[in-house]
Amino acid sequence: MSTSFPGKPGKVIQDAALLERMRELTITFAQGKTAPKLIQDLLDYDPQRPLPGHNVIADPPPRFVEGQPTPTVVSPSRCKHAYIVKDAQSKLPELDTRPDASVVYKLASVCKYCRLHVDVKIDFRRDSRQARPCPNQDYPLHHFTLLSAPAQDATSAADRHPSYDFWCNGPDCPAVLSIRYRPAELTAQHIHLLTNPLLLQKRYEAVVRQDPTREDVRIARGNEVLRRLRTYISHSLNENHTKRPIPGHNKRFLEAFGDDCTRLLVSLGFRYEEPAGDIAVWHLPDSKSNSDPLSPDASRLHLEDVYHELAILDTEFDDGARPALPQFERVLGCQDYSKSFQRSTQQERTSPEWFQCASLGALPDFSDALIEYAFDRQFECDPINQGYYFDCLDALAQSRNGDVLDLKVSTLRSLGHVNSNEISKAYKGIGIDMNQNGVLTDRVIIDRFNARLSASPAHQENELRDMLRTIGRFRQSPTIVNAADDVVHTYEQALSWLDATADTTDEFILTMRVYKLTEYQEKGQDKTDVARRALEIIASARNSEMLQTWLRDQSTQDFPSEMVEMDFAEACVLMNMQMQDVESMDRDSLETVLHMKRSDRQSGPDPQTESAIAAIRKHRALDQAGQVSHELSLSDIPSERPVGLSSLGNTCYLNSVLQYYFTIKPLRDIVLNFELHQFPDGEQKTCLVGNATCSDIEVRNAKKFVHELRLLFERMIKAPTEAVEPTRKLAILTFLDLRDPSVEAMEPTKDDVAAEVMNIGNQDAANTMSGGSAPEVVHETHPSDKQNRDVDMDATAEASPLEETKNVDYPLSLLSNDPPPEPVSGPPLPPRPAESAASKIAESSVDVTQSARSEESSKPGLSVTPKTPFERAEERARAQQDVSEAMDLIFYRLRCAIAPLGVDDKQEQLDAIHDIFSLQTIATPLKDGQFVHPLAKDSSSNTENNTQIYLNIPSTQEAMDIYEALDRRLDPNPVQENVLTSLHTLPPLLQIQVPRVMAMGGGTSLRNAYPIKLHHELYVDRYCADQSKEELQLRQQGWECRQELQKLEARRVELSESEIPGLNTPGILDATVDYLETVESLGQQSADAGVDLMDLDADLSELLQDESVRLKQETTDVNSKIEQKQAELRKTVVQRDSQRQVKYRLHAVFNHLGTERAGHYIVYIYDYARSIWRKYNDATLTQVDDSVVLPGDDPRGKSAYIVYVRDGLQEQYTQVLCRDPEPPQAHGEEDTEMKETTAKIAEDHASGYVFDVADSPSAAPGWGSRGRQDSSIQW
C-alpha cells in the first residue's frame, strides 16, 4: 500500500456513538471516502492490471507536492470498465424508497470489455438500533472506511481478484459494504477453442468423414458457436423449459463442438451418456431454481456468468443489458448528490485540486457544501492527518473562492486548528514520532513532554509548552492543552499533574505532591497553588476524608522555617509513616518510633519534625478508639478469596512477588514442609547455586529466611483476617547479605515464635501468654528490649518508620551492650543480575531527609556512625525495587536452603525449586548470515540454563505484541549479534521480564510506557530447538524481513528529521535554495548600485533543488518499501503459526503504575480452578475481568513481569486459593488450652522439634506436601 500519505490511524473521536460503533467492529480509526469517490475508484481499479505500489480502492491517495513529479494513481494499462447489470443476481432498491435497518441491496455487474465480474452489496442489518441510514439530512452521503483488503503482494489467482469490505461511519448508519471481484469464467483458451476458424474447419471435416452422406453440413462460424452454447445454457437456467437431451449425432452440435470441446462442456455441467444399445446423448446442465440473489447457488451462478460472457463475446447480438453506473449510484444512495457545475469528475488527475479532493474522499464536481461535509468526516475519522486535511481544505477554498469554504477555514483557525507543518514541528520538538500518534495516549505524550522539559534549560520552557499546546489542539485533547497551560481543572488533570493514577492511594498522592513541589523548587518555580488545587480536586472526586482534613488544616508554606501547627495526615506523610500504623500502635511503641525518627536527624531536631511529632501526639491524645483491627468474625471471612498483604512502606514489589510465589503449589509445599527438603545441618554444600559456591553461613542464613517465609505462608492460610502483614524480619532477610555472620543473631526466641503462631489465629491471645491482663504492646520482644530501650533507639536509627511495633524483631547483637561479633570473611557472592536503571533510580529516591542527612555527613567536623548491615538491608527493602530483583533474591535463598536432588554437567544444583522455572536455551551462531539448525552436529551451539526470558530488546516507542517482543529477543539482535537463540527444554512456568525503564538521549531515562500486548494463550513452537527445517527457514525469512525494515525505518528517520525543528532534509535544501535566490537578488541590486558582493556558483541552486527532489522521491520509495516489508512479515508470521502445539496459558501479570522515578506494583493472578482474574494491590484484593489484564495498552500500568504456565499443568503447578481460616476469639477472652499449646509450640520450635498439628486438640486440618488436605502440618 502507498505510504506517501504518512500517518497511522488516530485516536481522538468526539462522537460517542461513532466511537461505540468502531469498538463493536474492532476497527482502528482511518481515512475514508464518500460513496461517489468509491464508485469512481471502482471504475478505475483493474485487479488484472494493477498499478505497482498503489491500490486505488484500498490505499489513501498520494499527496500532491508542488515541484515534485505528479504521482500516478491508476494503471495506464487498465481496462476502462463499462459495467452492465446482471439482473438475475441483483437485488436493487425500489424507486423512491429509502433503506432501513432491515434491508440488503446487491448489484451484480460484469464489464463488457474485460468480462470482470463485480458484486457490490450493502447490508443495513448489522444493528437494528441504528435506524437512520445514510443519506439523511445530517449525513448527505455515505462515508466509507476500509475494513479489510487482501495483502498488497498477493500473487495467486484468487488474490488478484480480491474482496474489499467497508463500513459507513455515519453515527446512526449500520451500512456495511462488500465489493467482490471475480475473474471471467471463459478464459482465452476457451474462447480460442470455441471460435478459432481452423478448429471449426476440423470439426466440419470430422462430421463429413463420419457420415459422407449427410446433407446440410457446413462450417460453423464463431458467433454461431457462442450463440448455440448460450442457448443451451439459457434452456438449462429456464425453469419452465423442458430440458431435452441433445442426441450425440446432432449435426449442428457436432459442427459447433465436435469432440474436442468435451472437457469444456463437462466443466459447464453438461453430462454425456452412452446407454447400451441406444443412441448417445448430451444432457443439459442441472441448475437449481432461481435462488435468492443474496445467497446464490454456486452452480447456477457459474452458468449465469458464462451466459453473460457469451452474450458479450457475441458481437452480432445485443441483449439490451443496462449500464451499471446509474445502479451503483442508486445502491449507494448518491444518484442526486449536490454538484458544482463548473467542475467535472473527469478532471485531469495531474491537477492539485484533484489530489486535494481525493484526499478528502471527494470528487472535483462536489459542491462546496459537500466538500465541507467530506472534510468533516475525514477530520473526525482520521485525526492523525488533520493538519493535512486542513491544508487541502484551505487550498480548495482559495481555488474555488466560495463563501462556504472560506467561512469553514476561518472558523477552524479561530478554534486553534493548525496545519501539518506546525503539527510536525511540535511532535519533533518534544521528541515523538508523529507516526506513533495513533497509539499514544494523552498521558504518554504528557510524560514525554515532562521528560523533555526536565532535561531542557529554563528559557526553552515557553517554546516547549507552545509545542505541547499545538499537539493538544491537533488531538482535540483538553487534557494536553491544560497540561501545556500548566492548569488543573479536572480529576484527570490533577492526577496527571502529580504523576499519579486513579489507583494511587491518598497517602502516595501526598507524597507525590511533596516530590513535585521539590522538583519545581529546584528550577526556582513555586507551584504551591497548583499543587493545592490538584489536591482539592482529587479530594472532592474521591470524597476522601483524609485529603479533605489535610487540606483544611494544612499550612500554605511547604517548608516552614519555624514550628507550625500541622495536620495528622500531613504529619504522617512527612514522617514517612502510614496513618493506620500510627493508630494501631500502643503508646509506648509509638513513642519509641517517634524517638527513633527524631534521632534520624543527625544535625539535631528541626521545626518540621517537631511539628509532625506534636501533631501525631495530639491526634493520639484525642483518639480513644483504640487499635484498628483487620480481624473479622468467622461468618464474615470470605473463605473463597486469598488474603492481602499489608505494605511495610514501599514494599508493594515484595508483596506482589510473595503473592505470586504463594500460588505456585510445588514451591509453597516445599516452604510449608521445609523440614522434609532442607539441606542437612553440619554438612558442606559442594555443588553450585546460581553458578557460585554456597558457603555454610549462607545456607544457615537462607534457612532463616525460609523459616520467616513459612510463617507468612501459614498465616496466609490460617489467618481469619482479610490481610496479613509480612514481618519486618522477612523484608530485611530478603536483602541482607547472607554471608554476614550477624544474621545468625536474628534467632527467634520462644516469645517470638509464640507470638507469630498465635498471630495466625488470635493475636490478642499472645498478649496474655505470660498471664495477667493484656498489655498494650501487641508483640512482646526479647526481654532485654525493655532494659536497653535507649540502646535500641540509638543503634537502630534507620529502623523503618512504617513498621508496626508489634513486629519489631531486633537482632540480639543490637539489643545487647556487648560489641557485635567480628565479621567473618566468606566466599564471594554468586553473580547477580546487573542492576537495572530502574532499580538505581528507585534507590536514589528513598527520602528527602535521607539525602539531606548524607549531605550533612559529608561536612567536616561531623561524625556519623556507619550503618549496620540490618539498617542497610532495611533501607534497601523500603526503597522500591523491581519485582525481578526481589524474585532473584528469594529464588537464590530458597535454593541455598534446600537439599539438592543432583547436579548437572556444570555441577549446578538440581532441585525441585529450580525445576519449576528451569529453561534451557541454545545459542547457535549464524553461518555466513544463515540460520543453522540448533540441533545440527556442526552447529557449534552452546546451551545456557535460565529461569526467565529477559526482553532486553532495543527501546521501542510503540506498543508491541508479545510474539514480536520474543522474536526481537530470541532472533539475532544488536545485543546478541549473529546468534540465534532457541528454547531447548521448556519449564512448567515460563517467566518473562520486561524492561521498565528505557534510555533517552542526553543521559536521561524514561519509563517505558509502551506496553507488551498479551494473549491468554502463548504458542512457542516457532522458538523451539526441535523445529523442522521449513520452520527454521520461515524464522529466518521473518528475521531478514525485520532487518530490512529496521534499515528502511532508520533511513526514513534520516530523511524526515534534522537538527532544525520543523524541517526535514529536503526541506533544508529547499530553504537553502530560497536563501541563495535571495542573496543572488540582493547581489544584483548591489551591482546595480556599484557595490560588488561575493560571487555565487550559478549552478549551486539548481544542484540543491535537484537533490531535494531526489530525496523526496527516495522518501516516497522508502515508505512504499516499508509497507511491502510489513506485509511480507505478516505473511511469514501467519505461515509460521500454521502448526501450533506447544501452548502456554497466562497465569500472572505484574504491572507497574507510575513513572520512571516512582510508582506502585500490583499483580494480576489467574485462578484456573474458578476461571477468574484477581488483582492483588497490597492488602486490597478485587476480582477483575480479562479486559483489565489482557489489552496491555494502559499507560498507567505497564507489564513488568509476565508468567505463563504450560498447558495441561495448571492444576499441578498452580493453586491460587489455599485457605483454612481459624475462627478469631473475642478480645480479652482467656483460652488456657490454647496458651498451653502455644507455649509448647514455642518451646519445641526453639529446640528444633517438628510439631504435628495432631498433637493439638484444637488444631484444624492442614495442607500436606502435594496440596491435599492432610492431618498434619510441620511448623
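The values are calculated or read from the model by the stated rules, or taken from the named source; none is laboratory data. Every value quoted in this text rests on a predicted model; they were computed, and no experiment measured them. Because the Cβ atoms are built from the backbone with ideal geometry, glycine has one as well, and the counts that use them run over all protein chains shown. Surface accessibility is based on the protein's heavy atoms, side chains included, excluding ligands, DNA and RNA. Shrake-Rupley method; radii C 1.70, N 1.55, O 1.52, S 1.80 Å.
Below, the figures for the structure above:
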| read-out | value |
| --- | --- |
| Top-ranked residue in the stretch 351-371 [being assigned to a helix (DSSP H, G or I) and either of a type in the set (S, T, N, Q) or touching a Cys at 6+ places or on another chain (Cβ under 6 Å) (or both); ranked as nearest to Leu38 (Cα to Cα)] | Ser359 |
| Any hit, the stretch 117-126, residues being in contact with a helix residue (DSSP H, G or I) (Cβ under 8 Å, 6 or more places away or on another chain), surrounded by fewer than 18 Cβ atoms within 10 Å (Cβ to Cβ) and either part of a strand (DSSP E or B) or hydrophobic (A, V, I, L, M, F, W, C) (or both) | no |
| Unique match (being outside any strand (DSSP E or B), open to solvent by less than 30 Å² (accessible area, probe 1.4 Å), within 20 Å of Val1203 (Cα to Cα) and of a type outside the set (Val, Ile, Thr)) among Leu966, Leu983 | Leu966 |
| So Asp305, is it of a type in the set (D, E, K, R), modelled with pLDDT of 85 or more and assigned to a helix (DSSP H, G or I) | yes |
| Matching option when the condition is more than 22 Å from Thr693 (Cα to Cα) and in contact (Cβ under 8 Å) with a residue 60 or more places away in the chain, among Ala877, Ala912, Ala899, Ala886 | Ala877 |
| Condition broken by Pro326, with the remaining ones in (1) surrounded by 15 or more Cβ atoms within 10 Å (Cβ to Cβ); (2) outside any loop (DSSP other than H, G, I, E, B) satisfied | (1) |
| Selected residue (only one of Asp486, Asp499, Asp503 is under 31 Å from the mean Cα position of the chain (by Cα) and more than 25 Å from Thr549 (Cα to Cα)) | Asp486 |
| Neighbours by Cβ (under 7 Å, 6+ apart or cross-chain): first from the stretch 640-662, in contact (Cβ under 8 Å) with a residue 40 or more places away in the chain and farther than 18 Å from Ala719 by Cβ; second open to solvent by 10 Å² or more (accessible area, probe 1.4 Å) and part of a strand (DSSP E or B) | Cys652/His1160 |
| Any hit, the stretch 158-179, residues being out of contact with any helix residue (DSSP H, G or I) (no Cβ under 8 Å at 6 or more places or on another chain), assigned to a loop (DSSP other than H, G, I, E, B), surrounded by fewer than 20 Cβ atoms within 10 Å (Cβ to Cβ) and without any contact (Cβ under 8 Å) to a residue 60 or more places away in the chain | yes |
| Filter result (among the aromatic types (Phe, Trp, Tyr) and either within 17 Å of Ala569 (Cβ to Cβ) or part of a loop (DSSP other than H, G, I, E, B) (or both)) within the stretch 506-554 | Phe508, Tyr515, Trp550 |
| Test: residue in the stretch 211-222 that is under 17 Å from Asp314 (Cβ atoms), over 60 Å from the mean Cα position of the chain (by Cα), without any contact (Cβ under 8 Å) to a residue 24 or more places away in the chain and open to solvent by 80 Å² or more (accessible area, probe 1.4 Å) | yes |
| The stretch 696-718 residues that are within 20 Å of Asp1220 (Cα to Cα), paired with ones that are acidic (Asp, Glu) and not in a helix (DSSP H, G or I) (beta carbon under 7 Å, 6 or more apart) | Ile717/Asp1220; Lys718/Asp1220; Lys718/Glu1222 |
| Matching residues, the stretch 286-298, being out of contact with any Leu (no Cβ under 6 Å at 6 or more places or on another chain) and assigned to a loop (DSSP other than H, G, I, E, B) | Asp286, Lys288, Ser289, Asn290, Ser291, Asp292, Pro293, Leu294, Ser295, Pro296, Asp297 |
| Residues (at pLDDT 85 or above and either open to solvent by 60 Å² or more (accessible area, probe 1.4 Å) or over 17 Å from Leu980 (Cβ atoms) (or both)) located in the stretch 1017-1032 | Glu1017, Leu1018, Tyr1019, Asp1026 |
| Selection status of Asp961, under 23 Å from the mean Cα position of the chain (by Cα), open to solvent by less than 60 Å² (accessible area, probe 1.4 Å) and at pLDDT 85 or above | no |
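So that you can scan it fast, the table gives a plain yes or no per residue for (1) modelled with pLDDT of 80 or more; (2) under 25 Å from Leu412 (Cβ atoms); (3) not aliphatic (A, V, I, L, M):
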{"site": "Val439", "(1), (2), (3)": "no, no, no"}
{"site": "Arg443", "(1), (2), (3)": "no, no, yes"}
{"site": "Phe449", "(1), (2), (3)": "yes, yes, yes"}
{"site": "Leu453", "(1), (2), (3)": "no, no, no"}
{"site": "Glu463", "(1), (2), (3)": "yes, yes, yes"}
{"site": "Leu468", "(1), (2), (3)": "yes, yes, no"}
{"site": "Arg473", "(1), (2), (3)": "no, yes, yes"}
{"site": "Pro478", "(1), (2), (3)": "no, yes, yes"}
{"site": "Asn482", "(1), (2), (3)": "no, yes, yes"}
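Listed here are the residues, each with its yes/no results for (1) under 22 Å from Arg218 (Cα atoms); (2) part of a helix (DSSP H, G or I); (3) within 54 Å of the chain's Cα centre (by Cα).
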residue: Thr231; (1), (2), (3): yes, yes, no
residue: His235; (1), (2), (3): no, yes, no
residue: His241; (1), (2), (3): no, no, no
residue: Glu255; (1), (2), (3): yes, yes, no
residue: Arg263; (1), (2), (3): no, yes, no
residue: Val266; (1), (2), (3): no, yes, no
residue: Gly269; (1), (2), (3): no, no, yes
residue: Leu301; (1), (2), (3): no, yes, yes
residue: Gly320; (1), (2), (3): no, no, no
